[in-house]
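Asker: First the structure, which I've put down as structure tokens, then a few questions once you've had a look.
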Amino acid sequence: MKQQRSLAIVGGRLVTPEGVREGSLRLVDGRIAGFGGAQPGDEVVDAKGLLVAPGLVDLGVFAVDKPAFRFGGITRAALMPDQNPPLDYAARVNFIAKSGKPDLWVHPLAAATVGLEGKELAEIALMRDAGARAIATGRRWIADSGVMLRLLQYAAMLDLVVVTHAEDAGLTGNAVATAGDVATRLGLPSAPAEAEVLAVARDIALAEMSGARVHFRQVTTRAALALVRAAKARSVRVTAGVTPAHFMLSDLATMDFRTFARLSPPLRCEDDRLAVREALADGTIDVIASGHDPRGPEDKRLPFADAAPGMAGAETLLAMTLTLRRDGVIDLPRAFDLLAANPARLLSVDAGALREGAEADIALIDPGRPWVVDSREMAATAGNTPFDRQPTQGRVVALYKGGVAL
């Protein structure tokens with residue numbers, strides 16, 4: 001799939017690293033050729049009233065789900081290694097790296113350890129050469145600090161980011177909720193929020209020792225966010241991410257035992273939710289990702305404690321992030337740093353920003369378009385969204401990958 005004809009997107013509001021401004025964008029041979037108006041022979045797209053923004057780069061999905069990604073404006077997705085079988089072998093990584101093209105670029109994350117068991121380091125250099133853009137521990141935390149240190153030292157030599165899950169498994173066990181009033185009332189097995197704090201503290205210390213780059217895929221508690229903030233102030237090479245569920249919802253969303261709100265990490269108390277919003281505002285959190293993990297009735301239509309964690313997040317990622325802008329938490333350039341530029345930088349891919357010469361991955365967005373999230377009508381392979389029946393605003397109305405409309 002190659003762009004056959006030059007394209008000019010005119011009359012829109014361009015979301016650039018420098019800010020939002022009125023302007024036009026020309027796409028030629030799959031790349032952004034410049035910010036001027038249409039030239040003779042161009043196909044012209046009128047973007048009046050729309051945002052012209054980079055395609056989203058979703059860091060940490062659990063399934064390749066093209067219809068959902070297209071709906072949500074996602075043109076690149078980093079796939080977690082928690083597949084069947086896990087992405088702990090170079091041939092598997094190479095297959096995944098080629099699987100989405102040409103209309104979606106899938107960036108596989110190499111399994112940190114064989115079978116994601118947290119014991120023996122996988123062949124990371126071979127997987128990097130096969131197309132892995134980072135290393136990930138998957139849904140699990142590596143409990144053995146010696147193994148984690150060796151992993152970080154190896155990753156530092158290869159200049160790869162390690163994407164880690166931040167929950168001390170010794171405390172979480174089989175918990176499905178955060179310890180507190182809500183979990184007690186519901187009688188759910190729970191773990192203290194300190195499970196995240198201990199995991200983050202350990203991995204920050206090891207990152208500081210090794211000089212490696214560590215990305216905490218989700219940091220969801222006030223205390224853990226304070227540790228990340230302090231580490232950044234010391235120039236430790238750590239970054240943090242979050243999904244919309246943890247800045248939109250608290251553990252009160254589990255009061256009806258609705259398993260669409262069964263997530264990992266679990267929903268937190270209201271104070272932690274507010275802390276996530278503060279961290280988004282002050283720059284402590286670097287990435288908002290969908291955590292896209294579509295789960296069908298066989299996984300979700302179960303008692304809460306038996307249901308699988310995960311949400312179908314790709315379709316709601318943009319709209320929920322735009323709520324932060326309407327609430328005055330962040331501005332538009334910051335929103336697309338979180339959704340596109342920062343994840344692209346962590347993955348070392350040339351994407352995520354509107355700049356001359358960059359690949360023409362473009363989303364045209366109507367930021368005020370109202371719609372209602374409906375799990376029964378989602379494009380995803382399953383509709384397990386915690387935002388079911390929630391009114392929201394912001395829809396992608398056109399999406400271009402390499403200058404070609406999807």
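Asker: Among the residues in the range 333-342, are any more than 15 Å from the chain's Cα centre (by Cα) and part of a loop (DSSP other than H, G, I, E, B)?
Answerer: No, because not a single residue in the range 333-342 is more than 15 Å from the chain's Cα centre (by Cα) and part of a loop (DSSP other than H, G, I, E, B).
Asker: On the basis of being among the basic types (Lys, Arg), within 20 Å of the chain's Cα centre (by Cα) and under 22 Å from VAL163 (Cβ atoms), does ARG345 make the cut?
Answerer: Numbers: among the basic types (Lys, Arg): yes; within 20 Å of the chain's Cα centre (by Cα): yes; under 22 Å from VAL163 (Cβ atoms): yes.
Spelling it out, ARG345 is indeed among the basic types (Lys, Arg), within 20 Å of the chain's Cα centre (by Cα) and under 22 Å from VAL163 (Cβ atoms).
Asker: Give the residues of the range 210-226 that are more than 25 Å from SER290 (Cβ to Cβ), among the aliphatic types (A, V, I, L, M) and buried (at least 17 other Cβ atoms within 10 Å of the Cβ), sorted by residue number.
Answerer: ALA212
Asker: Sticking with this one: Select the helices (runs of 4 or more DSSP H) contained entirely in the range 169-280, then report the ones holding at least 1 residues which are aliphatic (A, V, I, L, M) and under 29 Å from TYR154 (Cβ atoms). Full working, then the answer.
Answerer: On the way: elements: 169-172, 181-186, 194-210, 222-233, 245-248.
It comes to 169-172, 194-210, 222-233.
Asker: I've got another one for you. Could you tell me how many of the residues in the range 214-234 are without any contact (Cβ under 8 Å) to a residue 60 or more places away in the chain and under 16 Å from VAL161 (Cβ atoms)?
Answerer: Kept after step one, since they are without any contact (Cβ under 8 Å) to a residue 60 or more places away in the chain, are these residues of the range 214-234: 216, 220-224, 226-234.
When the remaining residues are screened for being under 16 Å from VAL161 (Cβ atoms), the result is 216, 228, 231-232.
Qualifying residue count, the range 214-234: 4.
Let's see how each residue does on (1) touching an Asp or Glu at 6+ places or on another chain (Cβ under 9 Å); (2) closer than 24 Å to THR239 by Cβ:
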position: LEU152; (1), (2): yes, yes
position: THR164; (1), (2): yes, yes
position: ASP181; (1), (2): yes, no
position: THR184; (1), (2): no, no
position: GLY187; (1), (2): no, no
position: ALA191; (1), (2): yes, no
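Asker: Touching a Phe, Trp or Tyr at 6+ places or on another chain (Cβ under 7 Å) and among the charged types (D, E, K, R): which single residue out of GLU167, GLU194 fits that description?
Answerer: Among GLU167, GLU194, only GLU167 is touching a Phe, Trp or Tyr at 6+ places or on another chain (Cβ under 7 Å) and among the charged types (D, E, K, R).
Asker: Can you confirm whether the range 190-210 contains a residue that is at pLDDT below 95, over 17 Å from ALA175 (Cβ atoms) and acidic (Asp, Glu)? Quick ask: steps written out before the conclusion?
Answerer: We begin by selecting, within the range 190-210, every residue at pLDDT below 95; these are none.
For the range 190-210, residues at pLDDT below 95, over 17 Å from ALA175 (Cβ atoms) and acidic (Asp, Glu): absent.
Asker: Further, regarding this structure: Could you please let me know if THR172 is under 25 Å from the mean Cα position of the chain (by Cα), of a type in the set (Val, Ile, Thr), buried (at least 16 other Cβ atoms within 10 Å of the Cβ) and within 17 Å of CYS269 (Cβ to Cβ)?
Answerer: Numbers: under 25 Å from the mean Cα position of the chain (by Cα): yes; of a type in the set (Val, Ile, Thr): yes; buried (at least 16 other Cβ atoms within 10 Å of the Cβ): yes; within 17 Å of CYS269 (Cβ to Cβ): yes.
So THR172 fits the description; yes.
Asker: What number of residues within the range 38-64 satisfy the criterion of being at pLDDT 95 or above, crowded, with 24+ Cβ neighbours inside 10 Å and under 30 Å from LEU263 (Cα atoms)?
Answerer: Of the residues in that region, 8 qualify.
Asker: Within the range 118-125, identify whether any single residue is crowded, with 16+ Cβ neighbours inside 10 Å, at pLDDT 95 or above and closer than 30 Å to GLY30 by Cα, and answer yes or no.
Answerer: no
Asker: Can you tell me which of (1) over 19 Å from ALA47 (Cβ atoms); (2) surrounded by fewer than 19 Cβ atoms within 10 Å (Cβ to Cβ); (3) touching a residue at least 12 places away in the same chain (Cβ under 8 Å); (4) acidic (Asp, Glu) is the one GLU377 doesn't meet?
Answerer: Exception for GLU377: condition (3).
Asker: Oh, and also: Mind listing whichever residues of the range 343-374 are on the phi > 0 side of the Ramachandran plot and either assigned to a helix (DSSP H, G or I) or buried (at least 17 other Cβ atoms within 10 Å of the Cβ) (or both)?
Answerer: To start, the set of residues in the range 343-374 that are on the phi > 0 side of the Ramachandran plot comprises 348, 352, 357.
Once the filter is applied, which keeps residues that are on the phi > 0 side of the Ramachandran plot and either assigned to a helix (DSSP H, G or I) or buried (at least 17 other Cβ atoms within 10 Å of the Cβ) (or both), the range 343-374 yields only GLY352.
Asker: Right, another one. Just checking, how many residues over the range 9-37 are under 14 Å from ALA360 (Cβ atoms), buried (at least 18 other Cβ atoms within 10 Å of the Cβ) and among the hydrophobic types (A, V, I, L, M, F, W, C)?
Answerer: 6
Asker: Would you tally the residues in the range 89-100 being touching a helix residue (DSSP H, G or I) at 6+ places or on another chain (Cβ under 6 Å) and over 17 Å from GLY60 (Cβ atoms)? Even if it seems obvious, please write down each step before you answer.
Answerer: Filtering the range 89-100 down to residues touching a helix residue (DSSP H, G or I) at 6+ places or on another chain (Cβ under 6 Å) leaves 90, 93.
So of that shortlist, the ones also over 17 Å from GLY60 (Cβ atoms) come out as 90.
Adding up the residues that qualify gives 1.
The values are calculated or read from the model by the stated rules, or taken from the named source; none is laboratory data. All values reported here derive from a predicted model rather than from experimental measurement. Reconstructed Cβ throughout: ideal geometry from the backbone, glycine too, with neighbour counts over all protein chains shown.
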